[in-house]
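The values are calculated or read from the model by the stated rules, or taken from the named source; none is laboratory data. Here the structure is a predicted model, which is why all the values come from computation and not from measurement. Note that we place each Cβ from the backbone using ideal geometry, even for glycine, and neighbour counts take in every protein chain shown. When the accessible area is computed, the model is the full protein with side chains, heavy atoms only, and any ligands, DNA or RNA have been set aside. Shrake-Rupley method; radii C 1.70, N 1.55, O 1.52, S 1.80 Å.
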Amino acid sequence: MDFQSFFQSRLDELKDEGRYRVFADLERHAGSFPKATRYVDGETQEVTVWCSNDYLGMGQHPSVLSAMQNAVQSCGAGAGGTRNISGTNHFHVKLEEELADLHDKEAALLFTSGYNSNWATLGTLGAQIPGCVIFSDANNHASMIEGIRHSKAEKRIWKHNDVEDLDRILSEYGPEVPKIIAFESIYSMDGDIAPIEAICDVADKHSAMTYIDEVHAVGMYGTRGGGVAEQEGIAHRLTVIEGTLGKAFGVMGGYITASAELVDFVRSFASGFIFTTALPPALAAGALASIQHLKQSQMERARHKERVQKVRARLDAEGIPHTPNPGHIIPVMVKDPVKCKWISDLLLNNHGIYVQPINYPTVPKGTERLRITPSPLHTDADIESLVNALTELWSQCALSRAVA
């Protein structure tokens, strides 16, 4: 087999379909988020980032940077190994205590990423609990899907956010069958929010565990940034709350919070935890500072909410279609992969605006979009530049406009 020709032909197919991913070479500016320098063809271009998951700009916050710098000076660069072999640092311990407190749980466990925390935890629970069946929302993230697949447990998929369908499927199994309901609080591509309380009601009815992914909500919702579950006052009803340190908290890493027994069980049996080098102490220190700040400060969340509302209002005024949702993610719907990529390229090259195109397989074909994530640090001028550029390109592409 001619492997190189095979690889190239498949890549060419992606390019023809408008689905080939190109990574922008960016250098973020400390202290001036969302500004960045783009490197392209030996030259530089100043750009405004409109698609970062650093939702609150905490990756640039002085308290976070100071904590990381101090940790590097006191602890050095790396963790030194896995958590089991010389890799557990005092910052890891303090961070896990802070995370457990954030979600009002007995314990927490750190992972190197949100992907790994989902994959390792769901994979371990599904594999180790005899006869376990996992009920997965149809729109769950790839990390949850891969964890469930890796577990080799029986999997049932229920219609997205459809509690009646979940109840119907659960009713096929007796009370003796161990059950886990896996879902997200905020879904990252559409920005919609799960009916968490209703899902918990169904879980109680069928004696099922609940596993919620709050990666796009932690830091953003609730009086202390504990996510949608905290905002709705129902965190205590969830068996496992999983989150990330790499989005609103602005650093890197993932985690789970749950009962002391469940966390210790995952710590003891999850290969994805046991055999992975621990987070560098500086990252743990930065995340700790970020969480502590957002537990106390409401300013970032209030300003963020106002910015999201302003962007939506300006898009509405120009007839640029975007999916309405109660969350902070604004999907601007293009519904054509080639035009979606073309608009993204022109925004970057001609307007200095960076918004990645979201195409299949991340979203279904025909729902291609630009995923816009305003931050508290985007100015009125930034918003006007974005909307004016979109309005111009919408006309060039002859795309339909939303009717007010």
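Output yes when any residue across segment 32-48 is in contact (Cβ under 8 Å) with a residue 60 or more places away in the chain, closer than 30 Å to Gln298 by Cβ, in contact with a His (Cβ under 8 Å, 6 or more places away or on another chain) and not aliphatic (A, V, I, L, M), and no when none is. Looking through segment 32-48, at least one residue is in contact (Cβ under 8 Å) with a residue 60 or more places away in the chain, closer than 30 Å to Gln298 by Cβ, in contact with a His (Cβ under 8 Å, 6 or more places away or on another chain) and not aliphatic (A, V, I, L, M). Taking Val403, is it within 17 Å of Arg312 (Cβ to Cβ) and at pLDDT 95 or above? Spelling it out, it is not the case that Val403 is within 17 Å of Arg312 (Cβ to Cβ) and at pLDDT 95 or above.
Restricting the first member to segment 69-80 and to residues that are over 11 Å from Ala284 (Cα atoms), and the second to residues that are open to solvent by 70 Å² or more (accessible area, probe 1.4 Å), the beta-carbon pairs closer than 7 Å and six or more apart or on different chains are Gly80/Ser86. Would you check if there is a residue in segment 329-349 being in contact with a Lys or Arg (Cβ under 7 Å, 6 or more places away or on another chain), among the acidic types (Asp, Glu) and either crowded, with 18+ Cβ neighbours inside 10 Å or part of a loop (DSSP other than H, G, I, E, B) (or both)? Scanning segment 329-349 turns up no residue that is in contact with a Lys or Arg (Cβ under 7 Å, 6 or more places away or on another chain), among the acidic types (Asp, Glu) and either crowded, with 18+ Cβ neighbours inside 10 Å or part of a loop (DSSP other than H, G, I, E, B) (or both). Regarding Leu399, is this residue more than 29 Å from Ala194 (Cα to Cα), assigned to a helix (DSSP H, G or I) and not polar (S, T, N, Q)? Considered against the rule, which asks whether it is more than 29 Å from Ala194 (Cα to Cα), assigned to a helix (DSSP H, G or I) and not polar (S, T, N, Q), Leu399 comes out as no.
Among the residues of this structure, Lys152 counts as one that is farther than 26 Å from Lys295 by Cβ and open to solvent by 40 Å² or more (accessible area, probe 1.4 Å).
Of all positions in segment 80-96, at least one carries a residue that is under 20 Å from the mean Cα position of the chain (by Cα) and either assigned to a loop (DSSP other than H, G, I, E, B) or within 23 Å of Ala278 (Cα to Cα) (or both). Taken together, the residues in segment 285-343 that are under 25 Å from Val64 (Cβ atoms) and basic (Lys, Arg) amount to 5. Screening the candidates Gly254, Gly227, Gly219, Gly191 for the property of being in contact with an Asp or Glu (Cβ under 8 Å, 6 or more places away or on another chain), of a type in the set (Gly, Ala, Ser), over 27 Å from Pro130 (Cβ atoms) and in contact (Cβ under 8 Å) with a residue 40 or more places away in the chain yields one hit, Gly227.
Is it true that Gly327 is at positive phi, small (Gly, Ala, Ser), in contact (Cβ under 8 Å) with a residue 12 or more places away in the chain and in contact with a helix residue (DSSP H, G or I) (Cβ under 9 Å, 6 or more places away or on another chain)? It is false that Gly327 is at positive phi, small (Gly, Ala, Ser), in contact (Cβ under 8 Å) with a residue 12 or more places away in the chain and in contact with a helix residue (DSSP H, G or I) (Cβ under 9 Å, 6 or more places away or on another chain). Thr82 - would you say it is more than 19 Å from Phe249 (Cα to Cα), loosely packed, with under 15 Cβ neighbours inside 10 Å and in contact with a strand residue (DSSP E or B) (Cβ under 7 Å, 6 or more places away or on another chain)? Answer is no for this residue. Take Leu294 and tell me if it is open to solvent by 20 Å² or more (accessible area, probe 1.4 Å), farther than 23 Å from Gly81 by Cα, part of a helix (DSSP H, G or I) and modelled with pLDDT of 95 or more. No, not satisfied. Residues in segment 18-49 that are open to solvent by less than 80 Å² (accessible area, probe 1.4 Å) and closer than 15 Å to Asp345 by Cα: Gly18, Arg19, Val22, Ala24, Leu26, Arg38, Val40, Gln45, Val47, Thr48, Val49.
So in segment 225-272, with the set limited to residues that are of a type in the set (Lys, Arg) and farther than 14 Å from Asn116 by Cα, which one is surrounded by the fewest Cβ atoms within 10 Å (Cβ to Cβ)? Filtering segment 225-272 for residues that are of a type in the set (Lys, Arg) and farther than 14 Å from Asn116 by Cα, the one surrounded by the fewest Cβ atoms within 10 Å (Cβ to Cβ) comes out as Arg237. Only residues that are surrounded by 19 or more Cβ atoms within 10 Å (Cβ to Cβ) and modelled with pLDDT of 95 or more were counted in segment 170-191, giving 10. If you go through segment 357-369 one residue at a time, do you hit one that is of a type in the set (Asp, Glu), outside any helix (DSSP H, G or I), farther than 22 Å from Leu26 by Cβ and open to solvent by less than 10 Å² (accessible area, probe 1.4 Å)? Yes, segment 357-369 contains a residue that is of a type in the set (Asp, Glu), outside any helix (DSSP H, G or I), farther than 22 Å from Leu26 by Cβ and open to solvent by less than 10 Å² (accessible area, probe 1.4 Å).
With the checklist (1) under 28 Å from Asn140 (Cβ atoms); (2) in a helix (DSSP H, G or I); (3) touching a strand residue (DSSP E or B) at 6+ places or on another chain (Cβ under 9 Å) in hand, flag the one item Arg301 doesn't pass. All conditions pass for Arg301, except number (3). What tally of residues in segment 352-382 results from selecting those that are in contact (Cβ under 8 Å) with a residue 12 or more places away in the chain and more than 23 Å from the chain's Cα centre (by Cα)? Matching residues across segment 352-382 total 3. Within the bounds of segment 115-128, is there any residue that is open to solvent by less than 50 Å² (accessible area, probe 1.4 Å), farther than 24 Å from Ala260 by Cα, modelled with pLDDT of 95 or more and out of contact with any Gly (no Cβ under 7 Å at 6 or more places or on another chain)? Within segment 115-128, not a single residue is open to solvent by less than 50 Å² (accessible area, probe 1.4 Å), farther than 24 Å from Ala260 by Cα, modelled with pLDDT of 95 or more and out of contact with any Gly (no Cβ under 7 Å at 6 or more places or on another chain).
Residues that are touching a helix residue (DSSP H, G or I) at 6+ places or on another chain (Cβ under 6 Å), of a type outside the set (S, T, N, Q) and surrounded by fewer than 23 Cβ atoms within 10 Å (Cβ to Cβ) occur in segment 216-224; there is at least one.
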